[in-house]
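Just below is one structure, and these are the notes that go with it.
The values are calculated or read from the model by the stated rules, or taken from the named source; none is laboratory data. Just so it is clear, the structure is predicted and the values come from calculations on it, not from any experiment. Positions of Cβ are backbone-derived with ideal geometry, glycine not excepted, and every protein chain shown enters the neighbour counts. To get the accessible areas, we keep the full protein, side chains included, count just its heavy atoms, and leave off ligands, DNA and RNA. Shrake-Rupley method; radii C 1.70, N 1.55, O 1.52, S 1.80 Å.
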Amino acid sequence: MTASSTATARFSEPLPRLRSRGGSGAGSPDYPGRRNPRAAGPSQTILGPEFLASARATLMTQCGFRVQQLHELDTAGGDAGSDAARREVRLVLRTAGWSALREIDAALRRIQQGTYGRCPRCGDALSVERLRALPMTRLCGRCQGATAERPVTGASA
């Protein structure tokens, strides 16, 4: 058996199609030159079951931490003698905790639906490194950067 026939036998699956980054018909009105985000469905998951199980466990741990944090914020320092600065800090921490819980819940839903690890805007796969660092993230680095660069409309200066 030759080396090429061995490689063909071992890798009998077709190679993934490369997508266009330009040209006619590429992209969507919102993201010219980028793939339609609806094209990335549950069947196109790129992460293995071990990674998804690990991500789910990490998200559940973070969920537990946030629930405990919110419980402690509710029970600690709620007396009338608290100064305004402490109340404001507690409010900011509660808001951030609830926001994190919503992001964690959304990430767990994406795992369940089979869309975890795909950017909903461009359809690209999120890097494993990004998902390990921020398991609840939903956007790829490029789309996250574009969101951060976009000016806020309706805000007064």
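Okay, residues lined up against (1) within 20 Å of Pro135 (Cβ to Cβ); (2) open to solvent by 50 Å² or more (accessible area, probe 1.4 Å); (3) in a helix (DSSP H, G or I); (4) modelled with pLDDT of 85 or more:
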residue: Asp30; (1), (2), (3), (4): no, yes, no, no
residue: Arg56; (1), (2), (3), (4): yes, yes, yes, yes
residue: Gln62; (1), (2), (3), (4): yes, yes, yes, yes
residue: Asp74; (1), (2), (3), (4): no, yes, yes, yes
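Residue-wise test of (1) open to solvent by 50 Å² or more (accessible area, probe 1.4 Å); (2) in contact (Cβ under 8 Å) with a residue 60 or more places away in the chain; (3) among the hydrophobic types (A, V, I, L, M, F, W, C); (4) in a loop (DSSP other than H, G, I, E, B).
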residue	(1), (2), (3), (4)
Ala106	no, no, yes, no
Gln112	yes, no, no, no
Pro120	yes, yes, no, yes
Gly123	no, yes, no, yes
Glu129	yes, no, no, no
Pro135	no, yes, no, yes
Arg138	yes, no, no, yes
Cys143	no, no, yes, no
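Given the options Glu149, Glu103, name the one that is out of contact with any helix residue (DSSP H, G or I) (no Cβ under 6 Å at 6 or more places or on another chain) and at pLDDT below 90.
Only one candidate qualifies: Glu149.
Please pick out the residue among Gly97, Gly78 that is more than 20 Å from Arg118 (Cβ to Cβ) and either part of a loop (DSSP other than H, G, I, E, B) or at pLDDT 95 or above (or both).
After ruling out the rest, the residue left standing is Gly78.
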